[in-house]
Amino acid sequence: MSTGFFGDRGPIRYEGPDSDNPFAYRHYDPDAVVMGRRLEEHLRLAVCYWHNFVYPGSDPFGADTFARPWFGAGMEDARRKADTAFEMFALLGTPFFCFHDHDVRPEGATLAESTARLDAIADHLAGHMERTGVKLLWGTANLFSNPRYMAGAATNPDPDVFAYAAATVKACLETTHRLGGENYVLWGGREGYETLLNTDLARELDQLGRFLSLVVEHKHRIGFRGAILVEPKPQEPTKHQYDFDVATVYGFLRRYGLENEVRVNIEQGHAILAGHSFEHEIALANALGIFGSIDINRNDYQSGWDTDQFPNNVPEVALAYYHILAGGGFSTGGTNFDAKLRRQSIDADDLLLAHVGGIDTCARALKAAARMLEDGALSGPLAERYAGWRTAEARAMLDGERSLAEIAERALAEGLDPRPRSGRQEALENVVNRYV
Ligand code: XLS
Ligand code: NI
Ligand code: NI
């Protein structure tokens, strides 16, 4: 039975680029075949629970603007929220969703009660999943909202908070497993510091390393086959977070021997906060062998906040998908809209239209990326640029078969005098423009 929240809106369908129906996809045809794969299977779109069904429209200066009928602290409210969420997934036709424990169940008075409530609501979610075929891209635990985590979860100076967080993640990982989740995400919102004056940085890194190792051990113990993903973010809410960016996370994983166990969930807005482009973070994760999944929400480039806006910039998103496709595409990962409405967008229709626009942006971008890849538009010039490294002598230098002295000797003997060659940046930018 319908909750009535979306009125009499029907499912949003692909109508092609010429449609003027705002409640239709112009570019997202889930069945379109791109590089031998259906678009739906390429994009693996996920709708997030928190921004759509939990965020009340508040900002640091103003109160809630969204009055949702399921806002309330009871289990009945939680079930009604789930009913509405699955109605929205069905209207959008998106194959996946993501949640925090905190999004789906009201926190209990005790840890035991919170865990029991998560179990109970998971039954309800499982029913909806079975009925609709919507799958879980990833689950995660909220280890940042409750004041107990104000000084960190794994990195808290109080070991009881570490233990509380461990119990919470255990429950949430097991729930994710039970619901057939394809990944489990850890975002360390409070794993960092506000001031070094009260922070033992070396100790906190060890705590976080141990925590992550415990999660990985438990994953294997319960037979969870999904990927464990860390979501890098440099700051906000804390001044500095230990999972700063992909490079930092990789160094951290190496240090604790986890680089083959844990991958990254890269968010566009977080890349921007770290002073990187989204494609930089994806390309680096590919290069290091730790690419997992993406949160596609962008930031406002002027405000300096993690504004979690829906994507609307095709050229930008095309370059992100270019690197994802170049790396072989998603395996367990997908495209999660960790995006929220602006505070003035208070209507139920706004939720739908935001996703329609974001999904069409992703579809256009992925198709452009696939064409670039198929044509070798960028990979051709790239191979050409590094062609010199294919010679036997160049390979010998890289393979460790030449000492520094031998290389110097040859450079002198042959009178090497390498000439600068154009990097052709503008020419390549023009090539990209032909596709987007
Ligand atoms: C916050 C993060 C968060 C994670 C999940 O900035 O993006 O939403 O994706 O905890
Ligand atoms: Ni974020
Ligand atoms: Ni995110």
- Task: Just one of (1) more than 16 Å from ligand 2 (Cβ to nearest atom); (2) at pLDDT below 95 trips up TYR321, so point out which.
- Result: (2)
- Item | When residues of the stretch 184-218 are limited to those that are of a type outside the set (Val, Ile, Thr) and assigned to a loop (DSSP other than H, G, I, E, B), the one farthest from ligand 3 (Cβ to nearest atom) | ASP200
- Query: Which one of these does ASN313 not meet: (1) touching a residue at least 12 places away in the same chain (Cβ under 8 Å); (2) more than 17 Å from ALA227 (Cβ to Cβ); (3) within 16 Å of ligand 2 (Cβ to nearest atom); (4) over 14 Å from the mean Cα position of the chain (by Cα)?
  - Reply: (3)
- Of all residues in the stretch 160-183, count the ones that are in contact with a Lys or Arg (Cβ under 7 Å, 6 or more places away or on another chain) and either assigned to a helix (DSSP H, G or I) or under 20 Å from SER213 (Cβ atoms) (or both). 3
- Item | Single residue of the stretch 315-356 satisfying the filter (assigned to a loop (DSSP other than H, G, I, E, B) and of a type in the set (Ser, Thr, Tyr)) that is nearest to GLU182 (Cα to Cα) | THR332
- Test result for ASP308, within 15 Å of ligand 3 (Cβ to nearest atom) and under 19 Å from CYS362 (Cβ atoms): yes
- Query: Is there a residue in the stretch 220-231 that is of a type outside the set (A, V, I, L, M) and within 20 Å of ALA274 (Cβ to Cβ)?
  - Reply: yes
- Query: Is the stretch 339-350 home to any residue that is more than 23 Å from TYR25 (Cα to Cα), in contact (Cβ under 8 Å) with a residue 12 or more places away in the chain and surrounded by 11 or more Cβ atoms within 10 Å (Cβ to Cβ)?
  - Reply: yes
- Item | Residue satisfying all of: in the stretch 1-30; of a type in the set (Phe, Trp, Tyr) and part of a strand (DSSP E or B); surrounded by the fewest Cβ atoms within 10 Å (Cβ to Cβ) among these | TYR14
- Filter pass, THR199 being touching a residue at least 24 places away in the same chain (Cβ under 8 Å), of a type in the set (Val, Ile, Thr), on the phi < 0 side of the Ramachandran plot and away from ligand 2 (no atom under 16 Å from the Cβ): no
- Here are some residues: SER277, SER293. Which one is within 13 Å of ligand 1 (Cβ to nearest atom) and hydroxyl-bearing (Ser, Thr, Tyr)? SER293
- Message: I want to confirm something. Restricting to the stretch 128-158 and keeping residues that are hydroxyl-bearing (Ser, Thr, Tyr) and surrounded by fewer than 20 Cβ atoms within 10 Å (Cβ to Cβ), which single residue is nearest to ligand 1 (Cβ to nearest atom)?
- Response: SER145
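The values are calculated or read from the model by the stated rules, or taken from the named source; none is laboratory data. Given the structure is predicted, the values throughout are model-derived calculations rather than measurements. We place every Cβ from the backbone using ideal geometry, glycine too, and count neighbours over all the protein chains shown.
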